[in-house]
1. With respect to the numbered conditions (1) more than 49 Å from the chain's Cα centre (by Cα); (2) open to solvent by less than 60 Å² (accessible area, probe 1.4 Å), which one is the sole condition not fulfilled by GLN473?
2. Scan the stretch 441-463 and tell me whether some residue there is farther than 30 Å from ARG512 by Cβ, surrounded by fewer than 18 Cβ atoms within 10 Å (Cβ to Cβ) and charged (D, E, K, R).
3. Any residue in the stretch 477-485 that is at negative phi, over 60 Å from the mean Cα position of the chain (by Cα) and not small (Gly, Ala, Ser)?
4. Give the residue, chosen from THR21, THR66, that is open to solvent by less than 70 Å² (accessible area, probe 1.4 Å), closer than 30 Å to LYS240 by Cα and in contact (Cβ under 8 Å) with a residue 12 or more places away in the chain.
5. How many residues does the stretch 189-216 hold that are modelled with pLDDT of 95 or more and open to solvent by less than 10 Å² (accessible area, probe 1.4 Å)?
6. Give me the residue from the stretch 287-340 that is among the β-branched types (Val, Ile, Thr) and open to solvent by less than 50 Å² (accessible area, probe 1.4 Å) and, out of that set, nearest to GLY388 (Cα to Cα).
7. What residue, of ALA215, ALA251, is touching a Cys at 6+ places or on another chain (Cβ under 8 Å) and of a type outside the set (Asp, Glu)?
8. Out of the stretch 259-289, which residues are at pLDDT 95 or above and among the charged types (D, E, K, R)?
Amino acid sequence: ARRARFDPGSGMSRLITEKVTRAEATQRQGRAGRVAPGTAYRLWTKGEEGALAAFPPPEIASADLTGLALELALWGAAPDDLAFLTPPPSGSMAEARRLLQMLGALDQQARMTHHGKALAKLPLHPRLGHMLLRAGPKAAELAALLAERDPLRGAPTDLALRLEALKNPKGFQRNRSYQLFHPVVERIRSETRRLQKHGDSAPKDRVHLSSAAMAALAYPDRVGQRRKGDQPRYVLSGGKGVVLDPGDPLAAAPFIVALDTDGNPREARVRMACQITLGEIRALFADQIEWQDNCHWSKRDRRVITRQQERFGAITLDDRLWKDAPADQVATAMLEGVGDLGLRLDGAAARLAARVELLRADGHDLPDFSMPGLMENLESWLLPMLGGVKTAAAWKQFDLLPALRAALNWEQTQLLDREAPGSFTTPLGRKIPITYGAEAPEISVRLQELFGVTRHPSVGGVPLKITLLSPAQRPIQITRDLPGFWTGSYADVRKDMRAQYPRHPWPEDPTREDPTLRAKKRR
């Protein structure tokens, strides 16, 4: 069975041959006896018949809907206004409308334009009709070629080869090894003569266009820009990606129009294309080219990228550094980078977060300073403090402590300092940072600095876990009961420490001594 199917490679519907369905086979069986008794022969086995589809698919589910979208716009109707047996797929309709807007047949509100009305009168696909109206009768041959199958087999992708073959088929065949399909050439020539009549209705003030420029008129979504790198990979103005064979004559072209591909949805291979110049792109699509401010986080570069780009769809015609990008946009982009790089809580920032979480666990109304909570609310507490941070290196040096402090109001700060202070003040007046760990708040302090302390220090009613240090700052005892340590195991510690550190005081009763960090003078 011959069916009209949307060919993603060519961007239009084409007739393709598929296996018949069971319903179609039954219909054809009936034809054998519609005039007189007859016999129907089925050229397959019973088993193969069971594998056939029951019914042919509705054409609207697989066809190119550009013509339907144009017709509906001409009527002023939406798809939902009509009682379709099978409603058109919403995604295909949206893609058809986007193409018609690129062709100038619909405005931004999807309403019909004068150009769209002229396209609707032509017995052509809107792509080819648009090209014919803009370029005139000279585009008839190219329109006929694009509507047909490729007349060359085994040839490079260059469109110029096909146009040369159409002008002189016999001479072309003598000089090249490519296989030329003469029946296809004849159909293209016949269709060219028919289309030339419609091209006469094009505006008389049209300018002469190259074949590449005319092709771009029909395929504004297939204008491709070569990506960076050694491989001939291209991004198309419509957002898709294509690739050329590395040995193809067009492989080095900075800009192409991809007229036919293999339809691969990830990265299609180009089967027919032509080279177009940047100047032609600017001239053809001046009303669709616009400058865009681009400020985003680049995972590859690990920095905020600020560029001003002249863009036609998904391709970039000019790219400049955006020197005066607004600080708020840079900070917002950097916030995305923080999500990529992650938070780093250490030092004073980690201690502050732990203090807040300790009180929050006791039921106090404080912000969520857990790691998931901080990541979820980055915009509220971190965004205002990200001024000047643009790179992963700068983020690594960024001090989170001021941002965390700013997230607490005055009452919350007072509560925190009262119930879970950030430091312990020794009898000598030194402030020792308190670490709020999983077990209990803890400090590390020189043993001699706690001489005379007879009550165990605590915060928020919780005894501090104290790591007592030697004069060399090495741990010698951990206690949660300092008075019990003085009267208990201190005697054994004193015995060991006097031999190792004879210049430091080790009194028999440390509760009666003054705290000190001094050592005895050498004799």
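The values are calculated or read from the model by the stated rules, or taken from the named source; none is laboratory data. Just so you know, these numbers come straight off a predicted model, no measurement behind them. Glycine gets a Cβ as well: all are built from the backbone with ideal geometry, and neighbour counts include every protein chain shown. Ligands, DNA and RNA are excluded from the accessible area calculation, which covers all protein heavy atoms including side chains. Shrake-Rupley method; radii C 1.70, N 1.55, O 1.52, S 1.80 Å.
1. Result: GLN473 fails condition (2) only.
2. Checked against the condition, which is being farther than 30 Å from ARG512 by Cβ, surrounded by fewer than 18 Cβ atoms within 10 Å (Cβ to Cβ) and charged (D, E, K, R), the stretch 441-463 yields no hits at all.
3. Pass one, the stretch 477-485, residues at negative phi: 477-485.
Imposing the further condition that a residue be over 60 Å from the mean Cα position of the chain (by Cα) reduces the set to 483-485.
If we keep only those that are not small (Gly, Ala, Ser) too, we end up with 483, 485.
Scanning the stretch 477-485 turns up at least one residue that is at negative phi, over 60 Å from the mean Cα position of the chain (by Cα) and not small (Gly, Ala, Ser).
4. Values: THR21 fails: closer than 30 Å to LYS240 by Cα.
Just one listed residue meets the conditions, THR66.
5. The number of residues fulfilling the criteria is 4.
6. Checking each candidate, the answer is VAL330.
7. Details: ALA251 fails: touching a Cys at 6+ places or on another chain (Cβ under 8 Å).
When all the criteria are applied, what remains is ALA215.
8. GLU280, ARG282
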